[in-house]
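Read-outs: derived from the displayed coordinates by stated rules, not from any lab. Everything numeric here is computed off the predicted structure, so don't read it as measured data. Here Cβ is always computed from backbone atoms with ideal geometry, including for glycine, and neighbour counts include all displayed protein chains.
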Amino acid sequence: DTKNQGKCPAMHGSRTEVHGDGTGVHDWWPNKLNLGILHQQSAVSNPLGESFDYREAFKTIDLKEVKQDIFALMKESKDFWPADYGHYGPLFIRMTWHDAGTYRTSDGRGGAGSGSQRMAPINSWPDNGNLDKARRLLWPIKQKYGNAISWADLFVLAGNCAMEDMGFQTFGFGGGREDIWEPEDDIYWGSENEMLADDGERHDENREISKPLAASHMGLIYVNPEGPNGEPDPVGASHEIRQSFARMAMNDYETVALIAGGHTFGKNHGAVDPSYQGPEPEGAPLSEQGLGWRNSYGDGKGDNTLTSGLDGAWTPKPTQWDMGYFDMLFGYEWELTKSPAGAWQWEPKDVRENDLVAKAHDASKTEKTVMLTTDISMKVDPSYREISMHFYENPEEFADAFARAWFKLLHRDMGPKSRYLGPEVPAEDLIWQDPVPAVDHELIDNENIAALKDQILASGLSVSELVFTAWASASTFRNADKRGGANGARIRLAPQKDWEANNPELLDKVLPTLESVQKAFNESQTGNKRVSLADLIVLGGNAAVEHAAARAGEPIEIPFHPGRTDASDEWTDADSFAWLEPEADGFRNYVKMRYTVPPEQMLVDRAQQLRLSAPEMTALVGGMRVLDTNTDGSGTGVFTDRPGTLTNDFFRNVLDMDNYWKPTTDEEEFLEVKDRTSDRLKWVGSRVDMIFGSNAELRAISEVYAQTDGQAKFVRDFGRAWNKVMNLDRFDLA
Ligand code: HEB
């Protein structure tokens, strides 16, 4: 019956496919600013609802019991995906590692913190082949414990359990990762439109990867196991490994520990020709039910498994923690060979009988172990070799180094240790956690707060200086890995105090003045009451905003929560803080240099890291401008005759049709704002300023603030957004 087939039914009036169902705004104008990244993961997409509190839910589980269940499950082979050697441990470790290994230092995005391996594109990256099976195997555990354990935590916990069950002592586990419910649209994974493509703009002529990327190819977590561009060149591979792992926050010592430790377990899967492999999960037919990579050779599993195309185990005992990796690596010469699927790999020369490994699904047969080109790098690169030899001779240090690096890998994007939950959080503080001292004093009360605000405002510092400094301190926060923020007052330490964006000269004036207010207060106390500089910086900003609001005739009070403490140089990893340096900060009309990405896009990127909505971002930019807080002190975008007063002047003047706008350069870096009748130059606006008049969505929001009924709302919204930014790192308040 063909009568009912064919044409699109009338009810199909919405664009329910990402592409293909008609032409959307982003197809017509691909360069349009994507404000959508500010509104992802909203309550609307989350089935648990806004009142759900994962931290509370997690506290209700007995972690020991969950782990016992995982230990048992790992050794119950399931017919839909039989376990190699009867143990899913190695598969789970690879799942965990690939989950965490997407983390990158430059913008803090990626990592195991959100359960993003369930979502596209990561669930379908070629490098994550057959990890869909690993996640599916864990479903009974997830189903049993429900909302009390997130997928994100379960993915991490499973890797730890796997190692422990195979005889390795891990360094610990912290829970607290909340799941996402839609793909993370904010993350830039590269511009290639083909997986594993070789190789558009990603590498420069020295094979340096363009920032913020960390992986050598689209669809990989890190580097090609066969070597650079598939050439079996272990020396060239070392360069790629070093680069990718450094961007994952790992040095050579940690890198060797991770690779050698990881490849102590499990095997490669490349038993059959890649032509038998079906589409990845996102591209697979309905009947696959969310799985992908169906392999049509034989039963497509067990001994016929095809994952990476490389094949074989690294050690004779792949489900046991031991020194097998280095025993093999240093115990033999390695010869280049090819896997059954045709990939370059290495095999030991003249291997002894007892260094063979049992076949994964037939213990009565044995085969040779293997090394990947990237494993041979651990022996041929001079630095890696020295560390490898050292580990080979010092097994206990190797185990400790691996445990610590693995712990860091899995927790690097969780932010301060106060966010870790559960009985297995290690007591030791680690420098990469950016620790701040515990509060060891009585906190200031409301009376002190009021008095301190008066003292700060009487200190001679201007509204603009106070707001600038508080913003500089708090706005280093990045939601992606929960680093930065005002706590610790690291703005007075290297490298932050020297960042161009922070106007070091201005800080040299503001910080000593605040310190003298702090000193006078603390010395006046008879008891143990103290105020930290970190608190005082924020308090100064709040006082200035309140003052500016009152001046505008709209008094507000910004709630203040003392409890920040001051960190020391000793507990500050300056190198790793360097990654937090703003290359642009549209809120302070700052760009370090001209980039190919226009400043308004960098503003949205910053706003996303600060967890701001488009209205919050808009209110903050408009307010910061009239408070005169540009990094360079310029009047760009300061569209007001009353700087330092919290008016809606910025919006009224951006939208004022008595003006016309003239670019100063072809790229429209700045616009001159001129009077239509007199031609008088009134202001100069940056791209970041003028986008609020040009972009339809931002203009719509700006109108709300520019209306006659907009002033009061603007001041309130600014105050709320300001307060949000000041407290982004106060996980203790939540
Ligand atoms: Fe790995 C597996 C590569 C690092 C852990 N590795 C694997 C494979 C490959 C690789 C190709 C195979 C897959 C299949 O299945 O077929 N890796 C690699 C590279 C690197 C690495 C290239 C860099 C250099 N790993 C690593 C680390 C870790 C690992 C770091 C941890 C820690 N792996 C692993 C495991 C496994 C693997 C456990 C096994 C899995 C199974 O058994 O399933």
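The table below lists the values:
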| item | result |
| --- | --- |
| Label-point separation, GLU201 to ALA696 (7 Å along Cα→Cβ), nm | 2.6 nm |
| Label-reachable residues, the stretch 317-349, where backbone N falls under 19 Å from a point 7 Å from GLU393's Cα toward its Cβ | 323-332 |
| Distance (nanometres) between label positions extended 7 Å along Cα→Cβ at GLU231 and ASP656 | 6.2 nm |
| Using a Förster distance of 51 Å, the FRET efficiency for ASP327-ALA451 (Cβ separation, nearest 0.05) | 0.15 |
| Highest to lowest packing among 95-104, 649-658, scored as the average C-beta count within 10 Å | 95-104, 649-658 |
| Percent RCO, i.e. relative contact order, over the stretch 504-583, from Cα pairs under 8 Å lying at least 6 residues apart | 24 percent |
| Contour minus Cα-Cα distance for ARG294 and ASN147 (0.36 nm per residue) | 49.9 nm |
| Cβ-based charge dipole, the stretch 591-734, positive-most Cα from PRO643, PHE731, LEU655 | PHE731 |
| Length gained when the stretch PHE52-GLN707 is fully extended (0.36 nm per residue, less Cα-Cα span) | 232.1 nm |
| Proportion of all alpha-carbon pairs of the chain beyond 37 Å (%) | 47 percent |
| Rounded to the nearest 20 debye, dipole of the stretch 14-173 from Cβ charges on Lys, Arg, Asp, Glu | 80 debye |
| Farthest positive-ward along the chain dipole, Cα basis, beta-carbon charges - from VAL715, LEU35, TYR222 | VAL715 |
| Mean Cβ count within 10 Å, highest first, over the residues of peptides 131-144, 388-401, 273-286 | 131-144, 388-401, 273-286 |
| Per-pair calculated FRET efficiency, R0 = 60 Å: LEU336 and THR60 via Cβ, rounded to 0.05 | 0.65 |
| Cα-centred dipole magnitude for the chain, charges only on beta-carbon of K, R (+1) and D, E (-1), debye, nearest 20 | 1500 debye |
| Value of relative contact order over the chain, rounded to a whole percent, pairs C-alpha under 8 Å and six or more apart | 11 percent |
| Surrounding net charge for GLU616, when Lys and Arg each add one and Asp and Glu each subtract one, Cβ distance under 14 Å | +4 |
| Degrees, to the nearest 10: 234-246 long Cα axis against longest axis of the chain | 40 degrees |
| Charge dipole (debye, nearest 20) of the stretch 303-417; +1 at Cβ of Lys and Arg, -1 at Cβ of Asp and Glu | 400 debye |
| Amide H contacts of PHE477 (H built 1.01 Å from N, under 5 Å, at least 5 apart or other chain) | GLY485 |
